[in-house]
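Peer 1: Pasting a structure here, questions to come.
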Ligand SMILES: Nc1ncnc2c1ncn2[C@@H]1O[C@H](COP(=O)(O)OP(=O)(O)OP(=O)(O)O)[C@@H](O)[C@H]1O
Ligand SMILES: [Mg+2]
């Protein structure tokens, strides 16, 4: 690929996204905004899985932490002075617990959205990677975590809203969420956050840190024998993945207006991984496109044939893994390989040597 | 007596009851080469594994520059100044030759100190010197995975050399090389020995001869004999367990 082509494509994509309110209906814009929020999580997963080789089946947890922290804030600011969130009253609590009211201040809530998932991810990664647990065991641990997190949210109804989750919040920093101008602003904020996350990833890929991550993915023991401790690198990468997931979750709930355990458990976490695999797990542009494709596909299939979604995502995953291991991002390379093969076949038949010489020169 | 750089003291390593190393000892002086030979399964690679912390001994201790390193993590041992080349090439295939060398050459390898972009000038200078020595200047931007087998081996020797290690452990560095390449490799190691120490494993006697260094022969996890190559080649015990067998194979 020509050197300027990739940044040019990225810029074209960005321009198309920024201008989307001009050509998309409010409904489709809201869908796109949601999926772009998900793409931030995918970028984090790209660093974690695509670059460091650490498969996480529990990104829903960090995503959910970001989402729940923000919604706790939104529920609190919607209350009259002295009131409690409705579901707490129904569960018989007599006051709002301190770890809830902590997030009343918007600055604290914003910090919480970033810090809570990051610290959770860093803590888990540090514990596990320092014990040299990795690969499939780490994937299983994160999956168990996703299951435990969703179960905990359901069982602690008095504090979490239980199975139904948290909804009915109307204002954010004094703006009505349903207001079309707020919706448009929220969309652009999402695009801005995604662009920032993307640039961060690109920069990260150029640092020595990024190179060590690739090295860990391709040969963890080799890098250890050059005096690097992979646990530290993987922990930082996983913490960044957690932070991205948290931001993604917080933006997502603003777009949809509800958060519930069903959105953070095992199945959503797997869907996140599939979207990244479809895009090509180590390509930043690829995972963004993959996330959009899978999520629009999900929206379309689940409204046309709701029972088909889980089946289709399973099939999609198998197809990508077997036919297109590098995902959408691998298509240009695949195209090159195919033309190369065709060219070699014609060469073997010995036809038209002059034509061949010309194609080879190009 | 001069202080040893590395001293392996009565090391025993046991895999499920089988002693791959059986109370072995070895002393290495600064800026010297030592060659380690012995039949397949003698425990040569296991000895290197133990020195670098990849395998834990059941008995004995390893002292490097006066410090007991027996229980340290691999990466900490490496930061103390020992680096190892594995039997199978262990380069980072998806990075360029330059990136491979500069990752090895960076003095600061902690994760939180790795957020710089590009290569420091001191690392750069070091890498350039190594590139010249291993003859890969022209290939600096090539992906390491695309090098030929011999070039991969040299790159890995280069990585081991550019790491700030004083003791370099090379496991069969000339394996799979042509006669020419293997002579160049011996020359490279000898030129580097002016400011490094080497422990080199190899089976190829021509290569060992070119290194012109003292030889230790291992057999069944023990040190059978130490001496010059000539002494070793005349030793009846060594001929019986190792060299004789090689000759028979050569004849057959
Ligand atoms: N991880 C392991 N688990 C069990 N046995 C092992 C392990 N590593 C090595 N061994 C055994 O220990 C013995 C010594 O192996 P080692 O690889 O050190 O031999 P070597 O001298 O390097 O041989 P070669 O010349 O073939 O490379 C062999 O019998 C081998 O099968
Ligand atoms: Mg060996």
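Peer 1: Scan region B:193-200 and give yes if some residue there is within 16 Å of ligand 2 (Cβ to nearest atom) and in a loop (DSSP other than H, G, I, E, B), otherwise no.
Peer 2: Within region B:193-200 (the criterion being within 16 Å of ligand 2 (Cβ to nearest atom) and in a loop (DSSP other than H, G, I, E, B)), the answer is no, since none of the residues qualifies.
Peer 1: When residues of region A:187-230 are filtered for being under 20 Å from the mean Cα position of the chain (by Cα) and more than 19 Å from residue B:118 (Cα to Cα), how many remain?
Peer 2: Residues in region A:187-230 being under 20 Å from the mean Cα position of the chain (by Cα) and more than 19 Å from residue B:118 (Cα to Cα): 13 in total.
Peer 1: While we're on this one: Select from region B:2-19 the residues that are surrounded by 20 or more Cβ atoms within 10 Å (Cβ to Cβ) and assigned to a strand (DSSP E or B) and write down the one among them that is farthest from ligand 1 (Cβ to nearest atom).
Peer 2: By that ranking, first place goes to B:6.
Peer 1: Sticking with this one: Taking region B:130-178, which residues are within 16 Å of ligand 1 (Cβ to nearest atom) and either within 12 Å of chain A (Cβ to nearest Cβ) or farther than 27 Å from residue B:44 by Cα (or both)?
Peer 2: Once the filter is applied, which keeps residues that are within 16 Å of ligand 1 (Cβ to nearest atom) and either within 12 Å of chain A (Cβ to nearest Cβ) or farther than 27 Å from residue B:44 by Cα (or both), region B:130-178 yields B:169, B:171.
Peer 1: Among the helices (runs of 4 or more DSSP H) contained in region A:182-287, which hold 1 or more residues that are touching a strand residue (DSSP E or B) at 6+ places or on another chain (Cβ under 9 Å) and without any contact (Cβ under 8 Å) to a residue 12 or more places away in the chain?
Peer 2: Filter on region A:182-287 gives A:208-224.
Peer 1: Within the set of pairs 6+ apart or on separate chains, which have a first residue in region A:101-116 that is in contact (Cβ under 8 Å) with a residue 12 or more places away in the chain, a second that is surrounded by fewer than 16 Cβ atoms within 10 Å (Cβ to Cβ) and in a loop (DSSP other than H, G, I, E, B), and C-beta atoms under 7 Å apart?
Peer 2: Listed pairs, sorted by first residue: A:106/A:173.
Peer 1: Under the condition of being within 17 Å of residue A:50 (Cβ to Cβ) and surrounded by fewer than 21 Cβ atoms within 10 Å (Cβ to Cβ), which residue from region A:218-235 is farthest from the other protein chains (Cβ to nearest Cβ)?
Peer 2: A:220
Peer 1: Being in the same structural domain as residue A:172 (by TED's automatic domain parsing), exposed (fewer than 15 other Cβ atoms within 10 Å of the Cβ) and within 30 Å of residue A:239 (Cβ to Cβ) narrows it down to one residue among A:105, A:73, A:28, A:95; which is it?
Peer 2: Going through A:105, A:73, A:28, A:95 in turn, just one is in the same structural domain as residue A:172 (by TED's automatic domain parsing), exposed (fewer than 15 other Cβ atoms within 10 Å of the Cβ) and within 30 Å of residue A:239 (Cβ to Cβ): A:105.
Peer 1: Considering only region A:87-107, I want to know if a residue exists there that is under 25 Å from the mean Cα position of the chain (by Cα) and under 20 Å from residue A:260 (Cα atoms).
Peer 2: The answer is yes; a qualifying residue exists.
The values are calculated or read from the model by the stated rules, or taken from the named source; none is laboratory data. Everything quoted here is computed from the prediction, not taken from an experiment. Positions of Cβ are generated from backbone atoms using ideal geometry, with glycine treated the same way; all protein chains shown enter the neighbour counts.
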